[in-house]
1. Which condition number does ILE266 fail, the rest of (1) more than 21 Å from GLY373 (Cβ to Cβ); (2) part of a loop (DSSP other than H, G, I, E, B); (3) β-branched (Val, Ile, Thr) being met?
2. Criterion first (out of contact with any Ser or Thr (no Cβ under 7 Å at 6 or more places or on another chain), closer than 27 Å to LEU282 by Cα, acidic (Asp, Glu) and at pLDDT 95 or above) does ASP381 satisfy it?
3. So which of LEU169, LEU89 ends up being touching a residue at least 60 places away in the same chain (Cβ under 8 Å) and in a strand (DSSP E or B)?
4. Identify all residues within the range 184-206 that are within 15 Å of LEU171 (Cβ to Cβ), crowded, with 20+ Cβ neighbours inside 10 Å and of a type in the set (Val, Ile, Thr); write none if there are none.
5. From the residues in the range 130-141 that are touching a Gly at 6+ places or on another chain (Cβ under 8 Å) and surrounded by fewer than 19 Cβ atoms within 10 Å (Cβ to Cβ), which one is nearest to GLY220 (Cα to Cα)?
6. Only one of these conditions is not met by ASN333: (1) free of Cβ contacts under 8 Å to residues at least 12 places away in the same chain; (2) under 30 Å from PRO236 (Cβ atoms). Which number is it?
7. Exactly one of (1) more than 19 Å from the chain's Cα centre (by Cα); (2) assigned to a strand (DSSP E or B) is unmet by THR248. Its number?
8. THR292 fails exactly one of the following numbered conditions: (1) more than 24 Å from LEU126 (Cα to Cα); (2) assigned to a strand (DSSP E or B); (3) not basic (Lys, Arg). What is the number of that condition?
Amino acid sequence: MHSGAGAAAISCETTFRKERASILRSTPIAAVNQNALPATYPGLTRPSATIGGAGLLLSYLGFKEINPKLELFPPGTRLGANYFPDGLLGGPSRWERDFRLSAYAAFSGITGHNFRIGIGHDDINLYKVLTFKNFLLPAAGAPIPTGPQMDYGDIQPHIPTERRRINYLYLQDEWQLARDLAFTAGLRRDQYSDFGGTTNPRLALVWDAALDVTAKLLYGQAFRAPAFNEQYGLNPVVNGNPDLQPETIKTLEAALAWQVRRDLQIKANVFKYRMKNLIRALPNPAPTPGTTFFNTGGQTGHGAELEVDWDASRSLRLSFDYAYQYSTDDASNKDAGYAPHSHYYGRADWYFIPGWLAGAQINRVANRKRAPGDTRSDIADYTTVDLSLSSERSRSGWAVTASLHNLFNADVREPSLAPGTAIPDDLPMAGRAWFVQGSYRY
């Protein structure tokens with residue numbers, strides 16, 4: 001199998017700010033979902049020194065993916081009465097270009113309030129496809145062999161050319177209720193050309209409980225739009241569904257950050273969520289092989305996370321993170337599967353000599369169940385160890401990083417979609433691999 005991909009990106013951004021004399025400033029923290037409001041929810045917030053500002057961003061991304069030959073089923077495959085001596089072969093290739101334009105304006109002329117409004121337009125254009133294969137798909141039933149592999153893009157492409165246009169508008173207010181208490185409220189509206197619109201609010205309450213303790217309470221709604229292949233894809237493994245609607249999620253989270261000492265910080269959070277309209281691939285009725293995407297069911301979950309960062313010395317930092325989650329499928333009231341119940345992560349960074357940083361990290365994923373209806377045994381746990389060595393940027397402008405991933409060549413697999421008939425042994429991830437990267441800045 002040979003495949004290749006390439007991308008080119010260009011972006012241009014300009015901003016304007018009008019300041020007023022003040023020694024106080026605001027401190028933003030990041031938003032938690034790509035479809036939620038921008039990253040301007042406050043941490044420990046003070047009245048802003050900015051009366052107003054504005055910004056404009058224009059970006060372009062060009063992408064191509066070329067797959068000359070993919071073996072979907074091995075030589076000698078028989079599907080129903082149809083025989084494929086060379087196997088079931090596919091070669092999907094696609095070209096896409098994305099334009100994005102966004103603008104915002106901010107104003108804090110009213111005491112205790114920071115207002116922000118933003119608009120944007122995205123144009124996602126899948127403008128060219130090639131489909132080399134040795135079969136055709138009937139309306140129902142098994143694939144039909146056609147002989148040598150050739151381009152059927154004009155007859156039956158693996159995905160048609162499509163274009164999606166998105167317009168969005170958001171409003172937000174950061175309100176300083178008291179010197180140690182801030183409240184943020186925001187609302188965002190997205191309008192898609194192919195499935196309609198969605199409106200999502202976000203709320204955040206942040207309390208500076210002490211000089212070294214910050215507490216947060218967050219609520220939000222978000223969505224995930226179906227991808228082009230989930231809507232329009234056509235192949236023997238999984239087919240798209242043009243009637244798909246976006247997945248939706250509601251989340252509630254409480255978080256606490258404690259600066260125990262100057263060199264030690266502890267963070268903890270608990271959360272719960274509810275997802276609806278999950279996009280899942282369901283088996284096609286016999287004799288048609290493969291699956292098709294549908295909106296089906298919901299999922300409810302809760303969890304917690306603990307993070308510790310310790311500067312053991314001036315040259316050594318140690319970090320540890322543990323995350324727990326449990327999710328339930330609404331229809332069966334059983335474990336939703338796929339995601340691990342426990343995730344452990346540890347990292348050490350050591351400036352062993354001036355200008356050089358050595359790093360080591362360990363990552364353990366444990367206790368992953370199968371989705372309801374999947375009779376395969378549970379997915380095996382795995383542990384990986386990675387090493388890295390990096391230089392600071394020299395006076396000449398160069399910096400170098402060398403890394404070794406999966407040092408002990410662990411067998412890492414991510415779960416394939418239930419019921420697992422298409423990929424019964426799950427999705428294998430990369431084994432031991434090394435990388436060297438050089439960057440130059442002038």
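The values are calculated or read from the model by the stated rules, or taken from the named source; none is laboratory data. The model shown is predicted, which means the values in this text are computed figures rather than measured ones. For neighbour counting, all protein chains shown are included, and Cβ atoms are generated from backbone atoms with ideal geometry for every residue, glycine included.
1. Failed condition: (2).
2. Details: out of contact with any Ser or Thr (no Cβ under 7 Å at 6 or more places or on another chain): yes; closer than 27 Å to LEU282 by Cα: yes; acidic (Asp, Glu): yes; at pLDDT 95 or above: yes.
Taking the combined requirement at face value, the residue satisfies it.
3. Details: LEU169 fails: touching a residue at least 60 places away in the same chain (Cβ under 8 Å).
When all the criteria are applied, what remains is LEU89.
4. Within the range 184-206, THR184 is the sole residue that qualifies.
5. So the residue we want is LEU130.
6. The number of the failed condition is (2).
7. Just one mismatch for THR248, condition (1).
8. Going through (1) more than 24 Å from LEU126 (Cα to Cα); (2) assigned to a strand (DSSP E or B); (3) not basic (Lys, Arg) one by one, THR292 breaks only (1).
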